[in-house]
Amino acid sequence: MLKNRPYIPQFVIHELNRKPERIVEQMRNSHFDKQKLFDLINKAVEDKVIRPIAPVHLITNILSMCIFPFVAKPIITGFALDGDKEKYKTYIDERPEQVIAFVKNAILL
């Protein structure tokens, strides 16, 4: 989704700074049951499927790994990839697989 709409993270950050209560309210009204997700993570910890981690930290880490490459595009492209825009496209294409592998390695027992 973000690959096709790379402007979304910067827009959300802008809106969070401008009217944080509006974004929070929209999330509360989204019908997404965060408690179900928290319960799934806690159950996986209890069942010793994943390492002990607070759900909010796991979710924050995953979101950060997904969003930061778009927010930091100028730094990643300009510095880490020596200004090569094609390498950035490849990097973004590889990102989902890299995030999944990183999270699995970080939490699976």
Determine the dipole magnitude for the stretch 33-107: charges of +1 sit on the beta-carbon of Lys and Arg, -1 on that of Asp and Glu, nothing else is charged, the reference point is the Cα centre, and the result goes in debye to the nearest 20.
-> 140 debye
Cβ-based net charge around PRO55, under 11 Å, with every Lys or Arg adding one and every Asp or Glu removing one = +2
Qualifying trypsin sites (Lys or Arg not before Pro) for the stretch 41-93 [loop in DSSP, other Cβ within 10 Å: at most 14] | LYS48
Radius 13 Å from Cβ of GLN26, net charge of other residues (Lys, Arg +1; Asp, Glu -1) | 0
Select from GLN10, LEU109, LEU81 the residue farthest towards the positive end of the dipole of the chain; place +1 on Cβ of Lys and Arg, -1 on Cβ of Asp and Glu, and compute about the Cα centre.
-> GLN10
Result: in the chain the number of Lys pairs with C-alpha under 19 Å apart, spaced 8 or more or on different chains, is 11
Taking θ as phi - 60°, what are the ³J(HN,Hα) couplings along the stretch 71-80 by the Karplus curve (6.51, -1.76, 1.60), each to the nearest whole Hz, with x for Gly and Pro?
-> 5, 9, 3, x, 6, 4, 5, x, 9, 5
Rounded to the nearest 0.05, what FRET efficiency is calculated for ALA80 and ILE59 with R0 set to 41 Å and r the Cβ-Cβ distance?
-> 0.95
Return, ordered by residue number, the residues of the stretch 85-109 whose backbone nitrogen is under 13 Å from a label point located 7 Å along Cα→Cβ of VAL49.
-> 108-109
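Bear in mind these aren't lab numbers, they're just calculated from the coordinates by the rules spelled out. None of these values were measured; they are calculated from a predicted model. With ideal geometry, Cβ positions are generated from the backbone for all residues, glycine too; neighbour counts draw on all protein chains shown.
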